[in-house]
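Notes to accompany the following structure.
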Amino acid sequence: MWFQFCIINFLLISILSCFKKRDVQVRSDNSLKSESSFNGSPTKTPTPSSTPTATPTITPKTPTTTTPNGGGGIKKIELYDKIVAVHESGSGWVRNILKPESMVGDPRNNQGGNYFGADNLKEWSERHRASQNVSFLRKYFKGLFDLRKFYKLAEIYIYGGDSRLEFFIGGPLDNWTSVGQLQLAPAQWNKVVLSNISASTGTRYLRISINQLGNNASAGKAIAIYGSEVDTSARIPIPSVSIRVPRPLMEDFLGTNTFVDVVSNQNFTTGESKHFTNCTFNNFPVTPDPAYLDQNCNLKVYPTFKAEEVFTALRNYTWSIFFYGDKQGYDENYQGGGYVFQPLYQSNGSNTAATWDFDYSFFYHRKKNSNVSNTKFLNTPDILRNTPFLYPDYIKNKIAANGCPGGSWTNQYWGEMCPHFSETKPIRGSYSEKPSDYFEFSRLAFNLAARYGSNPNVATNLLSLGQGQVVRKGLGYIKDLEIWNEPDAWWHGTEQEPGLGDYSFFHPREFAALMSATFDGHKGQLPAGTGMKKADPNILTIPAGIATAQFDYYYMMALWSEKNRGNFNDTPFDVLNFHHYSMTSCSMGFYPDSTNDNDPNTDNETYPNPNSNGWKCGFSPEYDHVGPNVIEPIINFRDRFMPDKPIWITEYGYDTDPNSPQGIKPLPGFSNEEVQGIWNARAAMIFASYNISRVNQFMVRENKDNHGWDSGLWNTSGVSKFYYSASDNLQHYEAKTSYYHMGALLKILKGSKFEAVIDPINYRNLNQDSVVMKFSGGGKTIWAVWLSSSKGINETKAVTVNVAGSGGGSGSGNVELVRFYLPSLDCSGGGANCHPSVDGVKTTVALQNGNVTVNAKEYPIFIVK
């Protein structure tokens, strides 16, 4: 028996070592697609580590065919690409434990894979979050496995790990029964025989809880589950009709994030922006200097570049829109509490002079009534966050007693907005998944939608207005409203404010309750005057961008909806919204690997200029595997469960400061500003190659003055930077090189939509990998060509593209080649092209038998026909 086991094990490893990773393919809808699983793990079968690990310590046994509890034969349940595995907190790496069946083998019958010790093999580990001093989150370290059928489970095997686990059946949200515990040991298969399983017990859901974290906080690298099938029915119906989300025009697709002080009235005319309206404004550590404000709270700043040349969709970050300095937008003593839009009151109520008219001095009015030609306002979305009058009592009392943490805005008045508390949940306690507990926030959203939405027929008696407020309805300023920002805020609860994590982190079930209340007053069950859709049925309700770009959060919200709204598909939001930054400290994809090639997903990849902190830096979207490992699992989830929901990526980008955790490390021959623009553009086109509906680069301007974060993170993500002019004593903005890159990208692709991937990204080998994508529309066809090697300005490869017949043309004639303005090339030695422009640098070339050959570079080269 032992000899046979060794022979079988040797043959299995030999066979697996011959497996080759499959190249990226073209989807049926022409988007980039690797053959990855629904659960996000690639189907490329890893080769064994060059250093064999110890043989699993499993006692040989004779295979069994019946369960000890009776009721059918035990079999290994197919998991990979068959089930849904999510982190119950919405932010974790549960699905990393799912490996291809050929890799896992059959540990119950002594034929389990024994090479899971490879250094780079992904695992389910809570190491990163456990290191963030967020101890409260440990109670959320739970994995939910939707087996998609009903099974009577018998045994579970997990390879490696060092934590203590507990197993439950039942659910999917409540009514769990514990069926076993297991202390994991590294470098071996760990087995638990489940108890409390009766002859008739069947479960569709398995829950694994990490009861005690080990030193490595690991819950294992692979899993095998055994049981007998009880019922093949699925409780959650998969939509039978595929509702295809249409592809957007590129000018509607690509936007940015910005602050109100970036643009003057005439310049703030187009472009999608996520707008940090700092006039309400709680993100400044001190109240803005009145020298920079006019009487209507408009900042006196005059940009030296025009934002409307670049971006065409606005995402407005309004944090606490009813607050500025010592004024607040809530009259808590009038008719049970009412909102103040115009004018804002003084906080002490003694002076109600017209200090700020939100209706007419704010940028909404300027946008709607602008007469600038060729202006397109998308007004999407405006972000609603917490406001002082919705702070939990715990927070109010803490501010009253101690002021704001860190010395910022230490006014003892409870309403003084502290940046740290703007992310606290708008409830009186620390946890609630009851929509009724979010009543006040839902009422605020109703009033915003009623006043600034498109419906002028809202019943006046449903409005909640403060004393002296003018009734206005359906002003048409807001088409969409985004609720909150990054609710999966697991990074809160620091030593500075122990225990506050519970007041900032939304469990998905909590956020579903908030969204249900805000969406439609929880299907109208809350009192009248609540819920955005009740005020304006046409307004889009956008859920906050999830900081961790995984579908886990939305799956848990859908389970909550099934229980509390009656249907898995009756979810209280109109869009799936995510954030993603390609950096090692929080990346969702694979990391660059130039020192250890045991990871088959990064074979042959090199990445220049590692720093002393290892790979704590930003890197290209290709090295991040942003397509197959970040976007594709989300796309697959949407197509399978929520096919009518557009997907937005409302934050992505890079810092030009190399010391930032997402800072760009210098590439030979390029400035960091050039690399920022190049990678932003390449990422945008990769996102477009999937059916993503909108992306927002972060952001328009740098945040390096006293208004920013201490860590340096995101301080230099802007495509413009500050400079101070002594001549007029004002703060100005200067475009960075990346500004001209984004401008050229949109100008070249304006009027077109993504059409096809001609030469897909070879994630197996990025060293000199060429990429070709095709866009068409607006009477033209465009091919974008680039290299994804991250080797610098001198790296080149001849790439021939056939353009014959495209756009109705023939195989002869001329085409235009356009590249970005690059000071490293154009300004060397006083070059003729040393003129910053969003038009790029253009040349004309003749076709040769319908082909054009370009010397592909790191920067995209566009063939325009």
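Okay, here's what the table says:
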quantity: Identity of the residue in the stretch 645-660, within 22 Å of I631 (Cβ to Cβ) and not charged (D, E, K, R), that ends up most open to solvent (accessible area, probe 1.4 Å); calculated: P646
quantity: Residue that is under 21 Å from the mean Cα position of the chain (by Cα), at pLDDT 90 or above and closer than 18 Å to I782 by Cβ, where the choices are I692, I686; calculated: I686
quantity: Criterion: outside any helix (DSSP H, G or I), in contact (Cβ under 8 Å) with a residue 24 or more places away in the chain and closer than 24 Å to A735 by Cβ - qualifying residue of L825, L817; calculated: L817
quantity: Top-ranked residue in the stretch 762-779 [being modelled with pLDDT of 95 or more and not aliphatic (A, V, I, L, M); ranked as surrounded by the most Cβ atoms within 10 Å (Cβ to Cβ)]; calculated: F775
quantity: Test: residue in the stretch 720-733 that is at pLDDT 65 or above and under 12 Å from T656 (Cα atoms); calculated: yes
quantity: Among the candidates L746, L766, residue that is out of contact with any Cys (no Cβ under 9 Å at 6 or more places or on another chain) and in a helix (DSSP H, G or I); calculated: L746
quantity: Selection within the stretch 525-541 - of a type outside the set (S, T, Y) and in contact with a helix residue (DSSP H, G or I) (Cβ under 7 Å, 6 or more places away or on another chain); calculated: L526, A528, G529, G531, M532, K533, K534, A535, D536, I539
quantity: Selection within the stretch 471-486 - part of a loop (DSSP other than H, G, I, E, B) and closer than 15 Å to E651 by Cα; calculated: W484, N485, E486
quantity: Among the candidates A528, A547, A512, residue that is among the small types (G, A, S) and more than 26 Å from K142 (Cα to Cα); calculated: A528
quantity: Selection within the stretch 833-848 - assigned to a strand (DSSP E or B) and of a type in the set (S, T, Y); calculated: T843, T844
quantity: Selection count, the stretch 512-570, where residues are part of a strand (DSSP E or B) and without any contact (Cβ under 8 Å) to a residue 24 or more places away in the chain; calculated: 0
quantity: Close pairs (7 angstrom Cβ cut-off, 6 or more residues apart or separate chains): open to solvent by 10 Å² or more (accessible area, probe 1.4 Å) in the stretch 76-93, assigned to a loop (DSSP other than H, G, I, E, B) and basic (K, R) anywhere; calculated: Y80/K99
quantity: Set A832, A804: member being hydrophobic (A, V, I, L, M, F, W, C) and closer than 13 Å to N851 by Cβ; calculated: A804
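The values are calculated or read from the model by the stated rules, or taken from the named source; none is laboratory data. Here the structure is a predicted model, which is why all the values come from computation and not from measurement. Virtual Cβ from ideal backbone geometry, glycine too; neighbours counted across all protein chains shown. The area values use the complete protein model at the heavy-atom level, side chains included, leaving out ligands, DNA and RNA. Shrake-Rupley method; radii C 1.70, N 1.55, O 1.52, S 1.80 Å.
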